[in-house]
Ligand SMILES: [Cu+2]
């Protein structure tokens, strides 16, 4: 049967008795996270910031999600989960499911055989910057870094908007109001969903700080005053310990860093999360790009009045390309399938929009996965997925090399569902298109699920198409 629209699809799932079950009502609440404006935000069971999900490697997670918003549809994505065998639980509207209507419930059941730092978010109509996003922490008793720290902390960074997404999206996609297709610029930066945050620390202890950029759009630089960071995990991949003073995190990226507290409690220290203004089309001169937090050794002593500074938004931070995976997984190869994706902007639907291989995306009426599952042999014919997507067909166990040529001036994070990928090559800004042959692939490339392509440059990455669910024949690629 070929599904004609979302209203025709009915799926029934059974719940395993041993599951960790979260019963979540998605609701509106009023909050003022940046201290500038009280506005409706999307909470969970009346709670915001939304709760973190904690689980152990191998555990089943069940989220019974009921949409109590009343005026909007919703959905939930588990960012970074491979969803092996459970692709229908991935969450993106129009790709693996229909939107969850007001009053409706969708039950997500997934077993996570991964470790590290992830996050969940609405993947429906650009909704998550209204508040529906939070950390997922997958604990691993076998972690090679487990003996290197005393306590864990979670630090989220986000851009924040005073307008709600339906308004922002309406303007953004309007040919008359936004001919240039300029992305909305946030009103502020927030840290742990607040204007500021403090971590109480004990002299001599080492902390693993799980940093998650849950932004809609902004990349953040992060620096702690007089405390070195040691990177030990990126996007669910353990790394060889890598010390640095300054890191750069695109939207949706995660980094776990070890920080050792000073031996005494003589003073408190500031840290900063600073949005990269190079992403913004116009200069938001009234915007404070920074969110400042504190390491508090002694709450009777004053907080620092200044925050740590850095010289440049484009230089001086640790290049994640140079990270080495702890497991030293070798370069995937030989390549059996190469895919080139040319990202450009042009006139589509009477306004300036982004496109991949000259196709500007429109959400399918029938979710891609439902098409895969309902068209039989035709699933490997790209034409069945409609004219407004860029389907790429790969064979099971293909070693896929993806080339992203970014003709836009701005850098952009690239994210893929169902897999993570090895970083093979990343050009500097304005380097033009990829020449066709990689010269500098590392012997043991770092694996991430979000990597940044520089403005006017290119990116090459590889993955093995080994996700066992047949429905991942066409992995989804987001360009944010
Ligand atoms: Cu994702």
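Each value in this text was obtained by applying a stated rule to the coordinates, not by laboratory testing. Keep in mind it's a predicted model, so treat the numbers as computed, not measured. Reconstructed Cβ throughout: ideal geometry from the backbone, glycine too, with neighbour counts over all protein chains shown.
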Please report the spacing between the Cα centers of segment 108-149 and segment 193-208 in Å, no decimals. 20 Å
Length added when fully stretched, residue 466-residue 296, from 0.36 nm per residue minus Cα-Cα: 56.6 nm
In this structure, the FRET efficiency calculated for residue 205 and residue 358 from their beta-carbon separation, with R0 = 51 Å, to the nearest 0.05, is 0.40
Would you calculate the separation in nanometres between label points at residue 54 and residue 163, each defined as 7 Å from the Cα along the Cα-to-beta-carbon direction? 4.0 nm
How much length is gained if the chain between residue 32 and residue 20 is pulled fully straight, taking 0.36 nm per residue apart and subtracting their Cα-Cα distance, in nm to one decimal? 1.2 nm
At q = 0.09 Å⁻¹, what log₁₀ I(q)/I(0) does segment 146-322 have when each alpha carbon counts as one equal point scatterer in the Debye sum? -0.34
Would you please give the FRET efficiency between residue 196 and residue 438, computed as 1/(1 + (r/R0)^6) with r the Cβ-Cβ distance and R0 = 51 Å, to the nearest 0.05? 0.70
Based on alpha-carbon atoms only, what is the radius of gyration of the chain relative to the globular estimate 2.2 N^0.38 Å? 0.95
If you average the C-alpha positions of segment 363-437 and of segment 42-92 separately, how far apart do those two centres end up, in angstrom? 24 Å
Only helical DSSP H runs with n ≥ 4 go in: add -39500 (n - 2.57) per run for the chain, normalise by residue count and round the 222 nm mean residue ellipticity to 500 deg cm²/dmol. -1000 deg cm²/dmol
Between residue 322 and residue 139, what is 0.36 nm times their sequence separation minus the Cα-Cα distance? Round to one decimal in nm. 63.3 nm
Report, to two decimal places, the Cα Rg of segment 316-376 normalised by 2.2 N^0.38 Å (N = number of residues). 1.79
